[in-house]
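Trainee: First the structure, which I've put down as structure tokens, then a few questions once you've had a look.
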Amino acid sequence: MSAHEHQHHEDHGSVKSYIIGFVLSIILSIIPIMIVVKHMLSPVATIASILVMAVLQFLIQLFFFMHIREGERPRYNVMALILGMVFVVTIVGGSIWVMSFNSQVQ
Amino acid sequence: MAQAAAHDHHHDHTEHETSLKMLGFWIFLITDCILFGTLFATFVVLRTHTDGGPTGKELFEVPIFVAETFILLTSSFTSGLAVLAMNKGNRNALIGWLVITALLGLAFVGLEVNEFATLAHDGATISRSAFLSAFFTLVGTHGLHVSIGLLWMTGLIFQLLRRGITGVTKRKIMIISLYWHFLDAVWIFLFTVVYLMGVM
């Protein structure tokens, strides 16, 4: 029972891990704001770097706050999330790719 | 002994049910991800189609969307603190953090409603251009999600006041917390793709 309780505690994170996640997410918001507002990089480099920050932020939400690794094995939630991400990337990437033949995107 | 075994069995059963329901909610969130994905794809394709009307650069105000971002990030953190308080069995701290989370959510929705009203007042309505149709649909769908979350959270606060922390209310708080973090994750992409790329 104590092993179970210990695991339970670990799964739901601690104040420390929440604070680390929060501070990281604030930093990862301030950096792209600065890059855009101060025009620090070229347009392509700006888009690439702020998208990288967004993806990192998303991972922080998943790991620090949503505890994606939590729960019984097998981790059906992780598998479903990966499948969902494949759909989302296909829809967004495919739409941009197809529509860019009309020379209207960017 | 038999009683203990029966108790254990019951315990296992409710734990199993809880994890199954959590998985069901994860699957809902993933379908929601796909919904937002299609709206993002539409927005990205149409963002340059302004039909001679206002562009994102002219419309978006940096202090407003930056404030919205920090409010939502903070509310995601406080909803996490609510879950921690719940795991410690502290009902009052749980309710307190939920109230703070809901107030931050309300401030976010307030800023967004104000932003939409200002845009419409300046002639940037949903029917002005393809860009604005995509913008209001995408950002409005997220705002609607936050508003529904607020109503839901308010209901849960009343349920906690009446029933306290039970197996059922615990599961419900876990699920709303998951929903709230998810909305924050979606906002990060709105903030990056719609607002930051709009003003650069």
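The values are calculated or read from the model by the stated rules, or taken from the named source; none is laboratory data. Predicted, not measured: the structure shown is a model, and the values here were computed from it. Counting neighbours? That spans all protein chains shown, and the Cβs are built from the backbone with ideal geometry, glycine included. These accessible areas exclude ligands, DNA and RNA; they are computed on the full protein's heavy atoms, side chains included. Shrake-Rupley method; radii C 1.70, N 1.55, O 1.52, S 1.80 Å.
Trainee: Name, by its number, the condition in (1) surrounded by fewer than 17 Cβ atoms within 10 Å (Cβ to Cβ); (2) not in a helix (DSSP H, G or I) that does not hold for B:L161.
Mentor: (2)
Trainee: What residue, of B:A102, B:A82, B:A120, is more than 10 Å from chain A (Cβ to nearest Cβ), part of a helix (DSSP H, G or I) and surrounded by fewer than 19 Cβ atoms within 10 Å (Cβ to Cβ)?
Mentor: Numbers: B:A102 fails: surrounded by fewer than 19 Cβ atoms within 10 Å (Cβ to Cβ); B:A82 fails: surrounded by fewer than 19 Cβ atoms within 10 Å (Cβ to Cβ).
None of the other options fit; the residue is B:A120.
Trainee: For residues in the stretch B:43-62 being more than 11 Å from chain A (Cβ to nearest Cβ) and of a type in the set (S, T, N, Q), which is farthest from B:V99 (Cα to Cα)?
Mentor: Result: B:T50.
Trainee: Sticking with this structure for a sec: Name the one entry in B:F65, B:F28, B:F36, B:F40 that is modelled with pLDDT of 90 or more, more than 26 Å from A:S17 (Cβ to Cβ) and more than 9 Å from chain A (Cβ to nearest Cβ). Steps first, answer last, please.
Mentor: On the way: B:F28 fails: more than 26 Å from A:S17 (Cβ to Cβ); B:F36 fails: more than 9 Å from chain A (Cβ to nearest Cβ); B:F40 fails: more than 9 Å from chain A (Cβ to nearest Cβ).
Exactly one residue qualifies, and that residue is B:F65.
Trainee: Can you pull out the residues in the stretch B:175-199 that are among the aliphatic types (A, V, I, L, M), more than 7 Å from chain A (Cβ to nearest Cβ) and farther than 16 Å from B:A67 by Cβ?
Mentor: Let us first name the residues in the stretch B:175-199 that are among the aliphatic types (A, V, I, L, M), namely B:175-176, B:178, B:183, B:185-186, B:188, B:190, B:193-194, B:196-197, B:199.
Filter once more, keeping what is more than 7 Å from chain A (Cβ to nearest Cβ): B:175-176, B:183, B:186, B:190, B:193-194.
Those that are among the aliphatic types (A, V, I, L, M), more than 7 Å from chain A (Cβ to nearest Cβ) and farther than 16 Å from B:A67 by Cβ: B:I175, B:I176, B:L183, B:V186, B:V193.
Trainee: Cβ-Cβ below 9 Å, separation at least six or inter-chain, first residue in the stretch B:140-162 and over 13 Å from B:F182 (Cβ atoms), second of a type in the set (G, A, S) and open to solvent by less than 20 Å² (accessible area, probe 1.4 Å): which pairs?
Mentor: Pairs found: B:S147/B:G105; B:L150/B:A102; B:L150/B:G105; B:M153/B:S79; B:M153/B:A102; B:M153/B:G105; B:T154/B:A102; B:I157/B:A102.
Trainee: In the stretch A:2-49, which residues are under 22 Å from the mean Cα position of the chain (by Cα), modelled with pLDDT under 90 and in a helix (DSSP H, G or I)?
Mentor: A:E10, A:D11, A:V15, A:K16, A:S17
Trainee: Which members of the stretch B:31-73 meet the condition of being more than 25 Å from A:L59 (Cβ to Cβ), of a type outside the set (V, I, T) and open to solvent by less than 20 Å² (accessible area, probe 1.4 Å)?
Mentor: Passing the criteria: B:G53, B:G56, B:F60.
Trainee: Select from the stretch A:42-86 the residues that are more than 22 Å from B:M22 (Cα to Cα), open to solvent by less than 80 Å² (accessible area, probe 1.4 Å) and either acidic (D, E) or without any contact (Cβ under 8 Å) to a residue 12 or more places away in the chain (or both) and list them in ascending order.
Mentor: If the condition is that a residue be more than 22 Å from B:M22 (Cα to Cα), open to solvent by less than 80 Å² (accessible area, probe 1.4 Å) and either acidic (D, E) or without any contact (Cβ under 8 Å) to a residue 12 or more places away in the chain (or both), then A:S42, A:A45, A:T46, A:I47, A:A48, A:L51, A:V55 are the ones that fit.
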